[in-house]
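**Q** One structure follows; several queries about it will come next.
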Amino acid sequence: MRRLLSSLFLCVPLMAGAQDFTTFKGHGGPIMSLDVTQQGTLVSGSFDNTVATWTDGTAHWLDGHDAAVTAITTSPSLGILSGGDDFRVLHWRDDGQPPIVLATHQGKISAIAVAPQGALVATASWDGSIQLHSFGDAQAKEPQTLVGHRSNVTDVAFAPNGTLFSASSDGTVRIWEQGADGLSSRVIANQGFGINRIVVTDTWLAYGALDGATRVIHPVTGEDIADFTLDRRPILSMAHHPQTAQLAIGDGEGYLMMIDTARWQIARDFRAMRQGPVWALAFSTDGAIIHAGGIDDVIYAWPVALLNTYDPAGGDTRSFLRDAETMSNGERQFMRKCSICHSLEPGPSRRAGPTLHGVFGRKAGTVPDYRYSALLSGAPIIWDEDTIDALFKQGPDNYIPGSKMPMQVIAKASDRRDLINFMRNAPKKD
Ligand code: HEC
């Protein structure tokens, strides 16, 4: 199965009429955290210390953290909350004023959760503690600090009924219950290996761990409900879309698994990153798009309907590349190897690379409004059959060393010729 999955990444067909695969580009470092507001705005946090809110593919930057932004949570009542490697949780206001420091911990912020009622925020940190902050009281209360985990707190979440849950590198998931002396915790899962992420509803709790364990349990009794552990580790990210019963799970090997929570089955499974881990996931408000972030500086937006369905039996019968047989070899080459980053249509696109519309006869690095690497923008190259052939015969890393294009060689001369013919004759829409 691994072999089947690993060949899927570049095979996203661009289906006419369907939503395209798109990318959000602008961050200067890996993407560590994502969320989508109730209005549908994507919010991202990056290694580049910034928070971005995205409108029509353009970033609006929120500067305030002094280190990587590792946690983002949005809520209808509070707006955007972000936490970072600078140990702080910032609350961003709509009026453009500098953010308010909501919480300060003694370690990296791993997660922020807003209670369904909206008046309570829980912040989790690698310092081993959770802080509870109340909003809306006449006199501002001191935050309440919850201790109980024996190591880094890695995630925190409120169930819709308001119950608080947390996970830790100590290998446990805890439920926080009100007793005579305030909130105290009880272990509901003991995995043995560090737990990185939880998602909780009133009837189930899913968790993902360092050893690859991906399990669903009852949130109060801890009883087993389902186990989706594959041979991939660690589990690093989770997102839930209750209305469409989808649970998305990202791992350290770059795969994204989608679980149907109505039937407790794996619905889809595919490679979401060219390289490295899936650190962050967030669904669009309608659940039709899953946004994924990782080591690349771009956020990938995958239309769920385009993703390959899961075939537990493996085998080659289910092809991710629909209608591949009906395509010419040149088109297949382009769809598999280029289309994820390049459009062939005029005008700006949200893909990682510049449009290749009209590339023949064009000087390198001259598509307006595309942010080329310094190297390509000054390169004395005119793109034509010979130079594009050489680019993929030698590979971009050899042909223009230092460019932002990924390493890729097309070994067969006939594949390069077919690809170039396809690009030359691609339908012109201007
Ligand atoms: C993972 C993303 C990615 C893939 C896949 C990719 N490219 Fe690119 N490509 C880029 C980026 C990014 C640039 C801009 C490089 C820079 O600024 O250094 C680029 C630049 C180019 C350029 C130069 C364009 C110009 O305006 O100067 C050509 C030509 C090109 N790519 C062709 C291709 C072809 C053909 C394929 C498929 C065989 C392909 N690329 C696959 C990301 C990609």
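**Q** With +1 on each Lys and Arg Cβ and -1 on each Asp and Glu Cβ, how big is the dipole of segment 2-306 about its Cα centre, in debye rounded to the nearest 20?
**A** The dipole magnitude comes to about 580 debye.
**Q** I'd like the carbon and sulfur percentage of the solvent accessible area for segment 2-306, probe radius 1.4 Å, heavy atoms only, ligands and nucleic acids excluded. Mind showing how you got there, number by number?
**A** On the way: 5920 of 12140 Å².
Within segment 2-306, the accessible surface is 49 percent carbon and sulfur.
**Q** Between helix 413-425 and the chain, what is the angle of the helix's C-alpha long axis to the longest principal axis, kept within 0 to 90° and rounded to the nearest 10?
**A** Roughly 90 degrees between the two axes.
**Q** Let me ask something else about it. Is segment 2-306 rounded, prolate or oblate when judged by the Cα gyration tensor, a ≥ b ≥ c being the square roots of its eigenvalues, rounded requiring a/c under 1.5 and prolate requiring a/b larger than b/c?
**A** It is oblate, given that a/c is not under 1.5 and a/b is not larger than b/c.
**Q** So which aspartates and glutamates pass the test for residue 337, namely a Cα distance under 12 Å, with those fewer than 8 places away in the same chain ruled out?
**A** Of all the aspartates and glutamates, those that pass the test against residue 337 - Cα under 12 Å, at least 8 places apart if same chain - are 415.
**Q** Return one whole number: the accessible area per residue of segment 2-306 in Å², for a 1.4 Å probe.
**A** That works out to 40 Å² per residue.
**Q** Quick one: angle between helix 385-394 and the longest Cα principal axis of the chain, in degrees between 0 and 90, rounded to 10, please.
**A** So the helix axis and the longest Cα principal axis differ by about 50 degrees.
**Q** Something else now. May I ask you to give the solvent-accessible area per residue for segment 327-425, in square angstrom, as obtained with a 1.4 angstrom probe?
**A** Details: 5060 Å² over 99 residues.
Spelled out: the 1.4 Å probe surface of segment 327-425, per residue, equals 51 Å².
**Q** For segment 134-189 and segment 61-110, what is the separation of their Cα centres, given in Å?
**A** 20
**Q** Okay, next question. Can you give the calculated 222 nm mean residue ellipticity of the chain, where each DSSP H run of n ≥ 4 adds -39,500 (n - 2.57) and the sum is split over every residue, rounded to the nearest 500 deg cm²/dmol?
**A** Calculated at 222 nm, the ellipticity per residue is -2500 deg cm²/dmol.
**Q** Something else about it: Which of 247, 77, 298 sits closest to the plus end of the dipole of the chain, meaning its Cα is farthest towards the positive end, when Lys and Arg get +1 and Asp and Glu get -1 on the C-beta?
**A** Final value for the positive-end residue is 298.
**Q** In whole percent, and with a 1.4 Å probe on the protein chains, what portion of the accessible area of segment 327-425 is carbon and sulfur?
**A** The value for segment 327-425 is 53 percent carbon and sulfur by accessible area.
The values are calculated or read from the model by the stated rules, or taken from the named source; none is laboratory data. A quick note: this is a predicted structure, and the numbers were derived from the prediction, not measured. Cβ sites come from the backbone with ideal geometry, for glycine too, and all protein chains shown count toward neighbours. With ligands, DNA and RNA removed, areas are computed over all heavy atoms of the protein, side chains included. Shrake-Rupley method; radii C 1.70, N 1.55, O 1.52, S 1.80 Å.
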